[in-house]
Amino acid sequence: MSEHWQQVQTVAESWSPEQVLRWAFATFHKDVAMASGFGAEGMVLIDMASRVSDDFRVFTLDTEFLFPETYELMDRVEKQYGIKVERVYSGLTPEEQARVHGPALWSRNPDQCCRLRKVEPLRNKLADLRAWIAAIRRDQTPTRATARKVEWDTKFQLVKINPLASWTSEKVWSYIHKHNVPYNPLHDQNYPSVGCTHCTRAVLSGENPRAGRWSGFNKIECGLHASTVEPVATLVGIAASCEANEP
């Protein structure tokens, strides 16, 4: 079986996103979940997952600072796809965060704000999983350029699955229009990437699609996605452990 696992990472690069999802669900069963911020890519993955499985898990990092349009889309997703979105929260309420770290932390130290409201909550959530699915694409940021469709997450120490790693924005939107997938209306108002209200603005003509995130700071990521990938051997080791734990 180890020989099989040695091939997975390489072979997965030729798989379609749907094939990657089928493999993920068949391999990890209920111990894999999809993280979604309900951006365009995330909506594509949710729609794809609904077509290949009638029982899949989706969770979101609810910072409690999201746009009303994002919350409305979450409600629509639950109704349209018949799923319950697992909402993951920070250990601090917004009021507690302001009391402990001072008001408007995002305006002074956005990295710390992201750590408190996204990174640590994600770490706690992933501790109960064997694998997670993300909607990142390689061409989004330099940090994501090395992403593989199946890889070992060095930051959170579990298997990470990126079905859309090789896709472009054009392919994402083509899928959305072809399959009539619901999406955040802010995308039609020059918000190609939608995060928290305090740290997201509309993108101006000619700007990078991620320019609206943490504008004014030298920051392009929440801190959720590691930029390094362990060798296949590491994936083989964890995969062997996963096999031993399969029902």
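Some observations on this one:
- Hey, TYR191 farther than 20 Å from VAL8 by Cβ, open to solvent by 10 Å² or more (accessible area, probe 1.4 Å) and in a loop (DSSP other than H, G, I, E, B) or not: yes
- Scanning the range 174-184 for residues that are in a helix (DSSP H, G or I) and surrounded by 14 or more Cβ atoms within 10 Å (Cβ to Cβ) returns TYR175, ILE176.
- Checked against the criterion of being under 16 Å from the mean Cα position of the chain (by Cα) and either under 26 Å from LEU66 (Cα atoms) or modelled with pLDDT of 95 or more (or both), the candidates GLY195, GLY216 yield just one match: GLY195.
- With respect to the conditions (1) in contact with a Phe, Trp or Tyr (Cβ under 9 Å, 6 or more places away or on another chain); (2) of a type in the set (D, E, K, R); (3) at pLDDT 95 or above, LYS178 falls short on a single one, namely (1).
- In the set VAL58, VAL32, VAL88, VAL77, only one residue is touching a strand residue (DSSP E or B) at 6+ places or on another chain (Cβ under 9 Å), open to solvent by 10 Å² or more (accessible area, probe 1.4 Å) and closer than 23 Å to ASP128 by Cβ; that residue is VAL88.
- Count - residues of the range 38-55 that are open to solvent by less than 50 Å² (accessible area, probe 1.4 Å) and part of a loop (DSSP other than H, G, I, E, B): 3
Okay, residues lined up against (1) modelled with pLDDT of 95 or more; (2) touching a Leu at 6+ places or on another chain (Cβ under 8 Å):
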site: ARG123; (1), (2): yes, no
site: LEU129; (1), (2): yes, yes
site: ILE133; (1), (2): yes, yes
site: ALA145; (1), (2): no, no
site: LYS149; (1), (2): yes, no
site: THR154; (1), (2): no, no
site: ALA165; (1), (2): yes, no
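- Residues located in the range 101-119, provided they are open to solvent by less than 60 Å² (accessible area, probe 1.4 Å) and part of a helix (DSSP H, G or I): HIS101, LEU105, TRP106, PRO110, GLN112, CYS113, CYS114, LEU116, ARG117, LYS118, VAL119
- Pairs meeting the criteria (first residue in the range 66-92 and more than 21 Å from MET48 (Cα to Cα) and part of a helix (DSSP H, G or I), second residue open to solvent by less than 70 Å² (accessible area, probe 1.4 Å) and of a type outside the set (Lys, Arg), beta carbons under 7 Å, at least 6 apart or on different chains) are GLU69/ASN184; GLU69/PRO185; GLU69/LEU186.
- From the list LYS160, LYS171, the lone residue that is in a strand (DSSP E or B) and either modelled with pLDDT of 95 or more or open to solvent by less than 80 Å² (accessible area, probe 1.4 Å) (or both) is LYS160.
- The residues listed here are PRO142, PRO163; of these, the one that is touching a residue at least 60 places away in the same chain (Cβ under 8 Å), closer than 20 Å to SER14 by Cβ and of a type outside the set (A, V, I, L, M, F, W, C) is PRO163.
- Within the range 56-65, the set of residues being part of a loop (DSSP other than H, G, I, E, B) and more than 21 Å from PRO110 (Cβ to Cβ) comprises PHE56, ARG57.
- SER50 satisfies every condition listed in (1) within 17 Å of LEU164 (Cα to Cα); (2) touching a residue at least 60 places away in the same chain (Cβ under 8 Å) except (2).
Condition check ((1) touching a helix residue (DSSP H, G or I) at 6+ places or on another chain (Cβ under 8 Å); (2) open to solvent by less than 40 Å² (accessible area, probe 1.4 Å); (3) part of a loop (DSSP other than H, G, I, E, B); (4) polar (S, T, N, Q)) across all residues:
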{"position": "ARG99", "(1), (2), (3), (4)": "no, no, no, no"}
{"position": "ASN124", "(1), (2), (3), (4)": "no, no, no, yes"}
{"position": "THR146", "(1), (2), (3), (4)": "no, no, yes, yes"}
{"position": "TRP167", "(1), (2), (3), (4)": "yes, yes, yes, no"}
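The values are calculated or read from the model by the stated rules, or taken from the named source; none is laboratory data. Keep in mind that what you see is a predicted model, and the values were worked out from it rather than measured. Positions of Cβ are generated from backbone atoms using ideal geometry, with glycine treated the same way; all protein chains shown enter the neighbour counts. Side chains included, ligands, DNA and RNA excluded: accessible areas come from the protein's heavy atoms. Shrake-Rupley method; radii C 1.70, N 1.55, O 1.52, S 1.80 Å.
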